[in-house]
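Worksheet for the structure shown next.
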Amino acid sequence: MKDKMIRFNNNSCMRVTLLLCMVVMFLLLLFTSTTKNSWMLDGNNSSRSLMQLKGGNRMLGKTKRQRRDSETREETLHKLLRNTDKIPSKLHTPRDRMSKPLVLYTLFAGRQKTLSIQLPHVMELLKKNVIDEVHLWDLTCKQEAEQKHWGLAKGSNDTKYLWEEVWPMDERIYIITPPACSWRKYYEYYANLLQPDDVLMKVDDDIIFLDTSRVEGFVTTIRKHPQVYLWSAAVINNGVTAGIHSSDGTLLPKDVADYNHEIHYPLTPGCLFGNATAGLMVHRHFLANSQKYYQPPPDKELRLVKGRISINFVAWLGRNFKQTISYMRTVRHDIDAGGGDEYVITALGSQYFGQKLVVYLPFVVAHASFGQQHIYDRVSAMYKRAKKNLVNQGKWKFPPGAAFAFPTTANI
């Protein structure tokens, strides 16, 4: 009897031990999976280390099925992005058949009231062959769904304007309504197709002025400085640009925009973003002194920025844009709202991945209004009246070979 009891106890112990081992293994697997996911950066948590972020990127490798799905999406977008003759973009042309890399002017469109003011500038660039193609991303669906009727007249039909008036203007104008009305498709599309020396400009539809005489120099500079991830024009009514102009002390009064506040506390009270009075002041000052804005201070034409900057008019070199989609995947929450792409491209890109962001002061553009400012109508009328007075008189000379003094210190 005693031997039987011993054997019974031994068997029971073995079963309990085995059960405990299985529980421990399950918990370890669960912990490992949770830990891997925890490396993914949440948009509201900026305390993750650079090593953690890079560790999260290792999860971004695609399976064969994911690659196949990506190719299918690309093919779908290929068919959707077309000109009036239903011819696809040159992005899909084998590059050995082309003599030079592309310059693409892409627009998140489109509000007729502001876009109609921008279009003459765009058409001039097409006429002079400074840009190769214009891509209109029809996001009027998103604007209507989210009831973002900023600066729109009652009864306006922006979708009809895009397709029936803008699209037929030139065979080099292409249009697409992205699947699910998501701007995220934009980044997926170009990441797969851009060649290293292509230049991609991303422009808001409420840019109501751009100095077309400086676009070619902007493109040349982007190609000459491939170490820069993201470029921004000198945008009138942009917090960071206004902060630079104000801190230089030669253009805006110092109390109009606080550069330090714009960099370290973006989109908070005290920023240009929500201040209609300051926005109008910035526009009026530029309109009264435009020739001064066209002459950046010597050896300070390029300004290095580390932090968030409004992406009203930005550009990438093709080889650098490809990194953007992996940065998008690093963010864990849904970024298809609330300026999520801006946060990833600028704040995350510069602060966590060490990318260089540069404001190119020689190239001036004007951004009508942030939604919180509500100054679209007043500003649009101001620029329509001042159109002839904004022609660049050409006193500043572009340095041969884009040989600018490259900044080494950010946010000054």
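Taken together, the values in this text are just the output of simple stated rules run on the coordinates, not laboratory data. These numbers come from a predicted model, not from an experiment. Backbone-built Cβ (ideal geometry, glycine too); neighbour counts: all protein chains shown.
A crude spin-label estimate for the pair Thr93 and His261, with each label 7 Å from Cα along the Cβ direction, gives 5.0 nm.
Local charge for Ala242 was computed over the other residues whose Cβ lies under 10 Å away, with Lys and Arg +1 and Asp and Glu -1, and equals -2. Normalised by residue number, the volume inside the convex hull of the Cα atoms of the range 188-300 is 146 Å³ per residue. Structure note, pairs Lys113/Lys395; Lys113/Lys160; Lys142/Lys306; Lys202/Lys292: Cα-Cα distances above 22 angstrom occur for Lys113/Lys395; Lys142/Lys306; Lys202/Lys292.
Tally Lys/Arg at +1 and Asp/Glu at -1 over every other residue whose Cβ is under 15 Å from the Cβ of Asn320; what's the total? Combined, the nearby Lys, Arg, Asp and Glu give +4.
The residues neighbouring Gln393, those whose beta-carbon lies less than 14 Å from its own, together hold a net charge of +4 under the Lys/Arg +1, Asp/Glu -1 convention.
Model label sites at Lys397 and Arg284, defined 7 Å from Cα along the beta-carbon direction, differ in position by 3.8 nm. With the cut-off at 1.5 for a/c, could you classify the range 179-248 from its C-alpha gyration tensor as rounded, prolate or oblate? Because a/c hits 1.5 or more and a/b fails to exceed b/c, the range 179-248 counts as oblate.
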